[in-house]
Amino acid sequence: MSGKPIRTFAVALLAAALHAQSPPASSQIDSVFAPLAQGKSPGMAVLVRRDGHTVFQRGYGVGDLRTSRKIDEVTDFRLASFTKQFTAMAVMLLVRDGKLRYDEALTGIFPGFPEYARAITLRHLLTHTSGLPDYEDAMDARQWTPEHQIQDEDVLALLQRQTAPKFAAGTSWAYSNSAYVVLGLIVAKASGEPFEQFLQERIFRPLGMTKTLAYRKGGNTVPNRAFGHSKRSGVFVETDQSSTSATLGDGGVYSNLADLAKWDAALQNHTLLGEQEMSAALTPVRLAGGGQPNWPAVPGDDNLNPGKPVAYGFGWFLDPYQGRPRMWHNGSTQGFRTAIDRFPAESLTVIVLANRTDLDAAALALQVADLFHKSAN
């Protein structure tokens, strides 16, 4: 006799038990954030969804110091690496369309790469196991500035000039913005339209995410835009753009709470991809030979847990939290910190978007999740 019906029944009982508990009051969630942002300081926007419904949505502080416009549910924040889930979804849609294959070689799409890239596939790029060099390490700081920003095509040219990988494809794991810039370019080439246009036509517009876009300075305009800030000598200053702020696939999307609620609903309801099609994104990558990937041993800016095991699918980290299954991603860039934590078994999602660098959006999101977990105990 199959054990599947028994397991399914057990999961249903667990879910029912969790949801039977009283959720934390809005005042408890508010107490986490209210002390952090004064009336005229940069701040954050917070969204909590449970069982397919928004149960908490609030803005704190202002989107910029010039107008003191208050942050609300339609204030657009730069998502930074939170963007990667949209880039991965774009690739997956093209795979379903038959225009791309996960085992397709990078050199079959961009022949200008050196010989080592013949072993790199789309799956390697999606899962940070490609070994592509970091484009930021190859940039000339004299050439690229906040006023003269590096573009996706410039990143591609830089990478194609690198003669050796960080490691052979599939043999190790290292978080790679290079890979996701290249994936954005691959989406554009395979679809025959700019990456930002593909996102609009295949993801944002169908889901009603009307104020979400991939932003390129001088190319388009962000509605209700929050500007990034940092503290210097105890005072907030605007630090919104860097030399790498124009790249798209690795971190160029801007969005807001209202639109991200629609994104969360689409993930829960499998609106864009069926459950089976989406499963590839939610399967932790294994190294060649089946080995467990780890964060690089040497600390670095994008290295959250040096030397420790990591679980990553396509655009999502999949490490559990306190034994609870989780899909999550953080974002960190000039002036912004962002986080999304989804707990599918509990139908719980927490999103924190901050336009200041002195707040830990990831820790704050988990602090809210803890409130819900405690209420279920």
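Report the residues of segment 227-244 in range of a label on Gln143: point 7 Å along Cα→C-beta, backbone N strictly under 19 Å from it. What the label zone holds, given the 19 Å backbone N cut-off, is 242-244.
Rounded, prolate or oblate: which one fits segment 199-250, using the alpha carbon gyration tensor with axes a ≥ b ≥ c (rounded when a/c is under 1.5, else prolate when a/b beats b/c, else oblate)? Prolate, since a/c reaches 1.5 and a/b exceeds b/c.
Taking a Cβ cut-off of under 12 Å around Asp301, the surrounding Lys, Arg, Asp and Glu residues balance to a net charge of -4, with basic ones at +1 and acidic ones at -1. Largest GNM mean-square fluctuation across Thr239, Thr271, Thr357, computed for the chain with C-alpha springs under 10 Å, falls on Thr271. Taking 18 Å as the cut-off, the amide N atoms of segment 113-141 that come nearer than this to a point 7 Å along the Cα-to-beta-carbon line of Asn303 belong to 128-138. Maximal additional length on extending the Ala164-Ala25 stretch stands at 44.6 nm, based on 0.36 nm per residue less the C-alpha distance. Counting DSSP beta bridges with both partners in segment 4-376, what percentage is antiparallel, nearest 5? Given both bridge residues lie in segment 4-376, the antiparallel proportion sits at roughly 95 percent. Using only side-chain charges placed at the Cβ, +1 for Lys and Arg and -1 for Asp and Glu, the dipole size of the chain relative to its Cα centre rounds to 600 debye.
In the structure displayed, which of Lys166/Lys189; Lys262/Lys308; Lys211/Lys374 lie more than 32 Å apart, Cα to Cα?
Over 32 Å Cα-Cα: Lys262/Lys308; Lys211/Lys374.
What GluC sites (Glu not before Pro) in segment 62-153 are in a loop by DSSP, with at most 11 other Cβ atoms within 10 Å of the Cβ?
On the way: sites: Glu73, Glu104, Glu115, Glu136, Glu147, Glu153; in loops: Glu73, Glu104, Glu147.
Hits after loop and neighbour filter: Glu147.
Placing pseudo-labels 7 Å out from each Cα toward the beta carbon at Val55 and Leu287 gives an inter-label distance of 4.0 nm. Counting Cα-Cα pairs of segment 279-348 in 10 Å increments starting at 0 gives whole-percent bin shares of 18, 46, 31, 5, 0. In this calculation the C-beta distance from Gln197 to Asp103 is compared with R0 = 45 Å, giving a FRET efficiency of 0.95. With neighbour counts taken as other beta-carbon atoms within 10 Å, the residues Val350, Val55 rank, fewest first, as Val55, Val350.
Taking N as the number of residues in segment 65-221, what is its Cα Rg relative to 2.2 N^0.38 Å?
Working: Rg = 16.8 Å, N = 157, 2.2 N^0.38 = 15.0 Å.
Against the compact-globule rule of thumb, the ratio is 1.12.
Packing, taken as the mean count of other beta carbons within 10 Å per residue, orders the peptides 185-196, 314-325, 41-52 from highest to lowest as 41-52, 185-196, 314-325.
Since every read-out is calculated from the coordinates, none of them should be taken as a lab result. Nothing here was measured: the structure is a model prediction, and the numbers come from that model. When we count neighbours, we look across all protein chains shown, and the Cβ atoms used for this are built from the backbone with ideal geometry, even at glycine.
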